[in-house]
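Report on one structure; see the data block that follows.
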Amino acid sequence: MPVRLERTTRRGDLPLERTTRRGDLPLERTTRRGDLPAVVARRPRDSAAEVLRAILDHGPIARSTVARASRVSAASVTGIVASLLNRGLVREVPEAAGPPGNGRPHVPVDIEPGRVAVIGTHIAVPRTTVSLMDLRGRVLDQRQDPHGRRDPAEVLAALAARVAAVGRDAGRTILGLGLATGGWVDATTGTVVDHPLLGWRDVPAGAVLAELTGLPVRVDSNSRAMLRAEMLFGDDAGRARGSAVHLFVGNVVDVAFAAGGSVHQGPRSAAGAVAHLPVEGCAEVCACGRTGCLQAAVSEQTIVRRALAAGLIDRPDFRALIDAALAGRLAAVALFEERARLVGRAAGLLLDLFDPEVLVVVEAGANRMPGCLAALRAEAAAWSSAGADMAVAVRRTSFPDTVLAVAGGAVALDRVYAAPLGQPGDWSR
Ligand SMILES: [Zn+2]
């Protein structure tokens, strides 16, 4: 190892000093609370969260093994599990055959499947989705309704009424409500800051829904919501908790990034805005006035317009187009493959930018058609400097048939798993 020659520091090496004069000093004043910046630092490690996550990942599991898996002391695990049992988040399950004559039998614990649930809501451009989800992230019920007008007050009032109906029919304690939507969403304040396609600006959706439903509410963007679902319950949750990028492609396009199990929000909660990422090979004019923006190239509205022009569908209905492609209609399949290639180019750029362990894509074609996923992967590999090595990191969503139902529910479940013994008031913090 090369050794750097050391030299004694001499006076001339030091910056020029000037005698401090009285007038240079700021007036001294005791620092008060209001002088401090708002603390948005990561919360300290929550032992109850570690315990519940270990039970989710490994249950049924003995308390002693929970202690090993969660690195929480055995004594703390006992107390935490008692509180989790009390809240109906976990249950004791009978052990088939314990070791005989070993004193107290150990009773394994598992996630409670029946007593509690969360409600997820999703606001898309044409419709809203309301879902009921259990603690394992399973969708127990989902309802979709088109909205006629997009006035925020009307949409949110109708949504709250559907939430109440789903809650009544659930027969379970509802722990809270999650809302996911596109555009720029400030998760800290529960505000839809800007959703150009809906025409919403600074809509305090979280506060409105909390007021109307009486439930604790958490709000987040599509991609951050789905990334949380992948990290909690996804097919590749282990890798996703390491580092992951999530690319959501619907009418809006957005991205989320997580490292070390933490989803990055950014100080303005604005991380992941890739709608206007320039993509080569696209001639669509975007709402922003430029040509070649990713969202304009791949949005559902764009592909529907092309399908209408080609006579593939007779009304502007994205689902009809998907059905045509799934039924094997070649011109419809070709539209989705072209879209998958454009999404693949964006995926290639994202792979180079973040170098994640996994890049999860939600895109209707790749979700359901292996040929589209293959086209997307190949294009991502071609556009990534790491080439074919990176193609393996690209995978479709773990929830291809329930994306919108899972998104809102995952926002709520993420809160439950982050602080399972917290108070409802913590949801808005
Ligand atoms: Zn644009």
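The values are calculated or read from the model by the stated rules, or taken from the named source; none is laboratory data. Computed from a prediction, not measured in an experiment: that's the story for all the values here. Note that each Cβ is placed from the backbone with ideal geometry, even for glycine, and that neighbours are counted across all protein chains shown.
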The condition of being closer than 19 Å to Asn367 by Cα, at pLDDT 95 or above and in contact with a Leu (Cβ under 8 Å, 6 or more places away or on another chain) holds, among Ala334, Ala297, Ala327, Ala340, only for Ala340
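Scan Val361, Val394 and give me the residue that is in contact with a Ser or Thr (Cβ under 8 Å, 6 or more places away or on another chain), within 20 Å of Asn222 (Cβ to Cβ) and of a type in the set (Val, Ile, Thr).
Numbers: Val394 fails: in contact with a Ser or Thr (Cβ under 8 Å, 6 or more places away or on another chain).
Sole residue among the options that is in contact with a Ser or Thr (Cβ under 8 Å, 6 or more places away or on another chain), within 20 Å of Asn222 (Cβ to Cβ) and of a type in the set (Val, Ile, Thr): Val361.
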For region 206-219, indicate whether the set of residues that are within 20 Å of Val406 (Cβ to Cβ) and among the acidic types (Asp, Glu) is non-empty. no
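Please go through region 270-292 and give me each residue that is within 10 Å of the ligand (Cβ to nearest atom) and either touching a residue at least 40 places away in the same chain (Cβ under 8 Å) or not assigned by TED's automatic domain parsing to the domain that holds Leu326 (or both), ordered by number. Give the steps one after another, and end with the answer.
Going residue by residue through region 270-292, those that are within 10 Å of the ligand (Cβ to nearest atom) are 275-278, 284-292.
Leu277, Ala287, listed by residue number.
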With the structure loaded, tell me whether Leu135 is outside the structural domain of Val77 (by TED's automatic domain parsing), crowded, with 24+ Cβ neighbours inside 10 Å and in a loop (DSSP other than H, G, I, E, B) or whether it fails that test. yes
Given (1) surrounded by fewer than 18 Cβ atoms within 10 Å (Cβ to Cβ); (2) more than 12 Å from the ligand (Cβ to nearest atom), Ala240 misses just (1)
With the first residue restricted to region 386-397 and required to be on the phi > 0 side of the Ramachandran plot, and the second required to be crowded, with 22+ Cβ neighbours inside 10 Å, Cβ contacts under 7 Å at 6 or more apart or on different chains are none
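Inside region 138-171, can you point out the residues that are assigned to a strand (DSSP E or B) and without any contact (Cβ under 8 Å) to a residue 40 or more places away in the chain?
In the first step, residues of region 138-171 are kept if they are assigned to a strand (DSSP E or B); the result is 139-146.
Across region 138-171, the qualifying residues are Leu140, Asp141, Arg143, Asp145, Pro146.
Matching residues to (1) crowded, with 19+ Cβ neighbours inside 10 Å; (2) more than 16 Å from the ligand (Cβ to nearest atom); (3) in the same structural domain as Leu376 (by TED's automatic domain parsing):
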residue: Ala256; (1), (2), (3): yes, yes, yes
residue: Val263; (1), (2), (3): yes, yes, yes
residue: Leu294; (1), (2), (3): yes, no, yes
residue: Gly311; (1), (2), (3): no, yes, yes
residue: Arg315; (1), (2), (3): no, yes, yes
residue: Asp323; (1), (2), (3): no, yes, yes
Scanning region 296-309 residue by residue, those more than 9 Å from the ligand (Cβ to nearest atom), of a type outside the set (S, T, N, Q) and touching a helix residue (DSSP H, G or I) at 6+ places or on another chain (Cβ under 8 Å) turn out to be Ala297, Val298, Glu300, Ile303, Val304, Arg306, Ala307
